[in-house]
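The structure under discussion appears below in the form of structure tokens.
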Amino acid sequence: GTIAGFVAVSAVISMVQKKGLFGTLIRWLERLRINPEFFERFQISLKEVDEEIAAFHFKKTARFFQTVALHFLGWVGGGFETYFMFRMVGAPISLLEGILLEAILQLTRTVSFFIPGNLGAQEAGLALAAEWMGYHPSLGVAVSLLKRLRQFIWTAIGFGVWGIYEYFLNHPRNPFQP
């Protein structure tokens, strides 16, 4: 039921995007007799954004479905990661449970977007989801901290690569320049 609900919500959002998300929002505000002065200042820019999104949906449908497929594969990959991490901390979960826990974690991250780095929300969400599935909440917190460690490591690698690039870019014998 939850999956069907999210598919329906996604379909509605997709249809609204095709019609023009910001244009639709401005029209609804006008119908409600709310003067969208804030949006009127940016109306040309918002119209261009609407046109780009609509063009992506209509003219590049193959790319749109590739994007959706890649996002889905990334989500399933996150489910495999969650499965392996729970197994590492000693929880005998199934692969399906790992994917379900990742789905709940993604929902938690989405709902808590306004919290910088989802600090605390990710941990609480995974602890609660683990408890719902019959595991001790501390396993959810442990897995969440493992995920944070993985994020930290990849961020550090990214900054390291960027630092090396910047060093060589500003170095007299720049290998990146012809």
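The values are calculated or read from the model by the stated rules, or taken from the named source; none is laboratory data. All values derive from a computational prediction rather than experimental measurement. Here Cβ is always computed from backbone atoms with ideal geometry, including for glycine, and neighbour counts include all displayed protein chains. Ligands, DNA and RNA are stripped out before the accessible areas are found, and what is left, the full protein with its side chains, is counted by its heavy atoms. Shrake-Rupley method; radii C 1.70, N 1.55, O 1.52, S 1.80 Å.
Multiply the residue gap between LYS18 and ILE164 by 0.36 nm, knock off their C-alpha separation, and tell me the result in nm, one decimal place.
The span from LYS18 to ILE164 would gain 48.3 nm if fully extended.
Mind telling me which of ARG150, ARG31, ARG109 comes out most flexible in a GNM of the chain, alpha-carbon contacts under 10 Å?
Among ARG150, ARG31, ARG109, the largest GNM mean-square fluctuation belongs to ARG31.
Counting only protein heavy atoms and using a 1.4 Å probe, what share of the accessible area of the chain belongs to carbon plus sulfur, as a whole percent?
Ligands and nucleic acids excluded, carbon and sulfur give 70 percent.
Can you give the helix-only mean residue ellipticity at 222 nm for the chain, where every DSSP H stretch with n ≥ 4 adds -39500 (n - 2.57) and the sum goes over all residues, rounded to the nearest 500 deg cm²/dmol? Intermediate values should be presented prior to the final figure.
Details: 8 runs with 142 residues, N = 178.
Here the helix-only value at 222 nm equals -27000 deg cm²/dmol.
Once phi is turned into θ = phi - 60°, what whole-Hz ³J(HN,Hα) does the Karplus curve with 6.51, -1.76 and 1.60 give for every residue of the stretch 79-89, x standing for Gly and Pro?
Values, residue by residue: x, 4, 4, 4, 4, 5, 5, 5, 5, 5, 8 Hz.
Evaluate the charge dipole of the chain about its Cα centre and quote only its size in Debye, nearest 20, assuming +1 on the Cβ of each Lys and Arg and -1 on the Cβ of each Asp and Glu.
Around 320 debye, computed over the chain.
Could you please report the charge total around GLU97, scoring K, R as +1 and D, E as -1 over all other residues with beta-carbon less than 14 angstrom from its beta-carbon?
-2
What shape does the chain have by the C-alpha gyration tensor, where a ≥ b ≥ c are the square roots of the eigenvalues, rounded means a/c under 1.5, and otherwise prolate means a/b greater than b/c and oblate the rest?
Oblate is the answer for the chain, as a/c is 1.5 or above yet b/c matches or exceeds a/b.
Roll a 1.4 Å probe over the protein chains and send me the accessible area per residue for the stretch 113-178 in Å².
Each residue of the stretch 113-178 exposes 71 Å² on average to a 1.4 Å probe.
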